[in-house]
Amino acid sequence: MTRYIKSGTVNTVQEINSELEKIATSQVDLLARDGETPNAMNDNLDMNSYRILNLPIPSSFSEPLRLGDISSVGQIVVDVSITENLTIPYLFDTVALMTASTIVFPIGKVLKTKGYYAIGDNGHASYVVTSTPLYGADGLRDHTLSNEFVAELQPVLGAYNVRACGARGNGVTDDTASFNAATLFNLPYNPLGLPFNQSLVKRDIIVDGTALSYQLDGTVYVRKGQHLRGLGLGAARITIPITTGPTTFLLGYGLIDGVEAIDAGGLPPSISYLATEGGRPTTAVIDAKSVAGASINNVFITTAGIGIRGAGGDIAITNCTFDVCGTAIAVIGSRNVINSCSFFLNGIDLSVTSGAYDWIISDCLFAYYKVESIVFNGTTDTIKNISIDNCHFLLNEQFTSNLGTIDFQAGNPSVNITNCKFNNGKVSAIKQTSTEYIKVTVKNCVFDIEKTNVGYNQSYTMAGIVIGEGDWIVEGNKFKDLRGYHILVKNPAKPIIKYNTLINSYATPEPLVSFSGTVMKMYIGHNYIEGVSDILQKDAEFGQYSRIEGLATNRFSNYVTESSRIALKIPTVNADSFMAKVTYNGQSGSSAAYRRSATFLIDKGVAFTSAVVDYVQSTNISGTQTGTIPPQVDLQVAFNVVGGPTTEAVVANTYKDVVLSVPSTADQVLIELV
């Protein structure tokens, strides 16, 4: 306290009050035992080497203790009211101190620890003393006390933390047993006969610890209804040996009496927000086996032999990243969904085998696939109704091991590929190597040889689509600057190729459609072509019963100028007769008064006979002539080139161009098929 000094002689009431205020001020720093303010300690209390005497036995955790209150094992001897009062938790620093304590706690007593191995190691937990533990004392999750009672771990908001089950997270010690203790891996799934959605096994499993690494040498059993989750992607890292061994996370199974058994009921297991590194060559990091409904999201898997595998169907894989895996995903079953995933430097990104039905693969990035990105390899009628939508396939690294992007290797799948983009591939973007009859639609996709970053390796060999036997629809796609074929049709394909755009600035580009083998029947129509002179491969072999329809409806981006004439080439193979409308200004630079328009019938002679003439120009069907100088519309019909033959002997099933041309002196030329 501040020293009080009297101010001379005090006589009046005012002088007395002034002195009392000085006294009050000097007592501000005093502690008031009766609770009067101020009564709190605002600084350290210096005893000046003197002792505090006669402290009572502490009766709560906020009271001081004496040396005699501490036993030889480091435990506090407390008043019996604390050990027996079920409403007051008893606190230990670690699990080891709790199990070593000689205090006899009653059944129902709540025990708490500040950590598992050390204070603050995130293994802190609450336990309840019981003589009949539901799960048994495993020494990781539940612990035997000195009186043979068991301290049973209590979930927090329905969740177990692997740190509270003894996981060290040091990247060296095998934490498999601690993970399994948290998942209750050996507990019968429903020992109390509850409804399956109330199973005691159903709970969250927390993988905790920023910048920790959990070594898992064995299999972790994630039971049905459980959600194994890390606290943020990358916060919990899982390391897996690369030697031969079992699956790391097995979903929907337990190990009951030493035997792997699928859990009963339909509750789905799930995993999220984990990062795994490593994995065995032939077993998966995550495997759902025959369990349906598994959910895997926000998981990062790197350097694994197989990332995710499953056969139960209804598997949802979302927002996952697969990096440098042998095979990233190898799942089958019905109604699987793969959405918003990223694939980098894997051998094969997605392997689809027998038993895959009604899938959706969408909004994914497939990059730097060393062998192939998506492979379909099943038996007859075992892969059906697969949708691949809005995905980006980006190679950029031209691996010598690369065999293509999407490959139909075996079986007869039905697949829709829509709104996808293929960039800078090494060879075929989509190809059919299967000899079975398949059904594939490729619609509104972009095939572009251009690399997407100046730092990447440019492809000089990228090709488009290889079509084999089956029903193929190639519609509304864009092919840009491919060096190989754009569409290669193999015998005996029956494709529909329409409304595609082909733009190619390469010096010697391939035609829109090339052939391998004898062509049967196909439709090629309404395609727009720029920088390529041919629709079809000129030396193609067309069989006796071949029929190619729609050729006359295709459009080239510009006319060719040959032999002083402006020409449009119309590709034909056994085509029917067609009409051409020709409009131009008869005098270059003249007014509209000299504009001429006429419609002609380009007539085909009798096919498959000895007719001498194939296509001929028939009479002007309609036209207008105005102005003072009314020249007739000068339209010439020739074969293959301007100035070529105007008549040609019929050769059945032969590809040829019918060339329509007008004088090069004409202005504002428009030649169109009607």
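The values are calculated or read from the model by the stated rules, or taken from the named source; none is laboratory data. Note that this is a predicted model, so its numbers are computed, not measured. Every residue, glycine among them, receives a Cβ derived from its backbone with ideal geometry; neighbour counts consider all protein chains shown. The protein model used for the area step is the full one, side chains on, heavy atoms only, and it has no ligands, DNA or RNA in it. Shrake-Rupley method; radii C 1.70, N 1.55, O 1.52, S 1.80 Å.
Applying the criterion of being at pLDDT 95 or above and assigned to a loop (DSSP other than H, G, I, E, B) to the residues of segment 313-329, the residue that is most open to solvent (accessible area, probe 1.4 Å) is Asn319. On the stretch given as segment 385-404, residues that are open to solvent by 50 Å² or more (accessible area, probe 1.4 Å) and under 21 Å from the mean Cα position of the chain (by Cα) total 4.
Total residues in segment 8-43 satisfying the condition of being among the polar types (S, T, N, Q), assigned to a loop (DSSP other than H, G, I, E, B) and modelled with pLDDT of 70 or more: the figure is 3. Test Asp381 against the stated conditions and say whether it is surrounded by fewer than 17 Cβ atoms within 10 Å (Cβ to Cβ), in a strand (DSSP E or B) and over 15 Å from the mean Cα position of the chain (by Cα). Here the answer is no, as Asp381 does not meet what is asked. Being under 22 Å from Pro155 (Cα atoms) and surrounded by fewer than 20 Cβ atoms within 10 Å (Cβ to Cβ) is the requirement here; does Ser290 meet it? When the stated conditions are applied, Ser290 does not pass them. For segment 457-479, a residue qualifies if it is charged (D, E, K, R) and at pLDDT 95 or above, and the qualifying residues are Glu475, Lys478.
Residues in segment 330-345 that are outside any strand (DSSP E or B) and either within 19 Å of Asn297 (Cβ to Cβ) or free of Cβ contacts under 8 Å to residues at least 12 places away in the same chain (or both) were compared, and the one that is most open to solvent (accessible area, probe 1.4 Å) is Arg335. Selection of segment 226-262 for residues being modelled with pLDDT under 90, in contact with a strand residue (DSSP E or B) (Cβ under 9 Å, 6 or more places away or on another chain) and in a loop (DSSP other than H, G, I, E, B) yields Leu231, Gly232, Leu233, Gly234, Ala235, Pro241, Ile242.
Taken as a whole, the structure leaves Asp358 outside the set of residues that are acidic (Asp, Glu), free of Cβ contacts under 8 Å to residues at least 40 places away in the same chain and open to solvent by less than 10 Å² (accessible area, probe 1.4 Å). In segment 405-419, the residues that are within 21 Å of Tyr369 (Cα to Cα) and open to solvent by less than 10 Å² (accessible area, probe 1.4 Å) reach residues that are part of a loop (DSSP other than H, G, I, E, B) and of a type in the set (Ser, Thr, Tyr) with C-beta atoms within less than 7 angstrom, at least six apart or across chains, in these pairs: Asp407/Thr433; Phe408/Thr433; Phe408/Ser434. Listed by first and then second residue, the pairs linking a residue in segment 462-485 that is polar (S, T, N, Q) to a residue that is open to solvent by 10 Å² or more (accessible area, probe 1.4 Å) and not in a strand (DSSP E or B), with Cβ atoms under 7 Å apart and 6 or more places separating them unless they lie on different chains, are Asn477/Asn444. Find the residue count for segment 151-165, including only residues that are outside any strand (DSSP E or B) and within 19 Å of Leu274 (Cβ to Cβ). Adding up the residues that qualify gives 4.
If you filter segment 441-460 down to residues that are among the hydroxyl-bearing types (Ser, Thr, Tyr) and without any contact (Cβ under 8 Å) to a residue 60 or more places away in the chain, you find that the one that is least open to solvent (accessible area, probe 1.4 Å) is Thr441. Looking across segment 516-552, the residues that are modelled with pLDDT of 75 or more, surrounded by fewer than 18 Cβ atoms within 10 Å (Cβ to Cβ) and more than 16 Å from Ile473 (Cβ to Cβ) come down to Ser516, Tyr528, Glu530, Gly531. Of all the criteria given as (1) surrounded by fewer than 20 Cβ atoms within 10 Å (Cβ to Cβ); (2) on the phi > 0 side of the Ramachandran plot, the one not satisfied by Asn297 is (2).
Taken as a whole, segment 497-510 holds no residue that is open to solvent by less than 60 Å² (accessible area, probe 1.4 Å) and under 24 Å from the mean Cα position of the chain (by Cα). Residue count for segment 282-296, restricted to those that are over 19 Å from Asn346 (Cα atoms) and not aliphatic (A, V, I, L, M): 4. Summed over segment 437-458, residues that are touching a Lys or Arg at 6+ places or on another chain (Cβ under 6 Å), within 13 Å of Asn419 (Cα to Cα) and not aliphatic (A, V, I, L, M) total 0. The number of residues in segment 287-312 being of a type in the set (S, T, N, Q), over 14 Å from Ile240 (Cα atoms) and either in a strand (DSSP E or B) or within 12 Å of the chain's Cα centre (by Cα) (or both) comes to 3.
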